[in-house]
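Enquirer: After the structure tokens below, expect a handful of questions from me.
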Amino acid sequence: MQNTFVMRDPTSDHDEEGQSQNRFSSVRPVDDPGAAAHVTNLVAQNRELRAELDQIRAERNCLAETQGKIMDLLKVKSPDKLLHDIRNVLNERELLKALVGDI
């Protein structure tokens with residue numbers, strides 16, 4: 001079974017008098033198999049990119065949730081201060097290790 005692809009005529013959806021036309025009135029079949037293959041390839045790429053975008057959004061949501069939990073633990077109100085406060089906690093940990101090591 002061969003797919004038939006259509007391309008829209010690049011002209012406007014309005015006629016010379018400015019009247020709106022049926023949006024499918026300017027659709028014509030694609031005769032060139034190369035163009036049909038190109039469209040098929042573009043559709044496949046589009047699907048792949050949408051899947052990748054969905055995956056990236058899911059990862060972003062997971063990272064945002066983790067960031068929120070860290071902010072709650074450190075009682076940080078602004079994400080901009082989060083890195084600064086984490087550095088402070090790590091510095092305090094190093095100081096505590098140095099104090100405990102001297103005992």
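Each row is one residue, and each column tells you yes or no for (1) modelled with pLDDT of 90 or more; (2) hydrophobic (A, V, I, L, M, F, W, C).
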residue: 35; (1), (2): no, yes
residue: 64; (1), (2): yes, yes
residue: 77; (1), (2): yes, no
residue: 80; (1), (2): yes, no
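Enquirer: From 86, 103, which residue is at pLDDT 65 or above and surrounded by fewer than 10 Cβ atoms within 10 Å (Cβ to Cβ)? If you could, list the steps in order and put the result at the bottom.
Expert: Working: 86 fails: surrounded by fewer than 10 Cβ atoms within 10 Å (Cβ to Cβ).
103 is the lone residue from the list that is at pLDDT 65 or above and surrounded by fewer than 10 Cβ atoms within 10 Å (Cβ to Cβ).
Enquirer: Can you tell me how many residues within the stretch 56-76 are among the hydroxyl-bearing types (Ser, Thr, Tyr) and closer than 12 Å to residue 86 by Cβ? Outline the logic, then answer.
Expert: Restricting attention to the stretch 56-76, the residues satisfying the condition of being among the hydroxyl-bearing types (Ser, Thr, Tyr) are 66.
Next cut, closer than 12 Å to residue 86 by Cβ only: none.
Of the residues in that region, 0 qualify.
The values are calculated or read from the model by the stated rules, or taken from the named source; none is laboratory data. Predicted, not measured: the structure shown is a model, and the values here were computed from it. Positions of Cβ are generated from backbone atoms using ideal geometry, with glycine treated the same way; all protein chains shown enter the neighbour counts.
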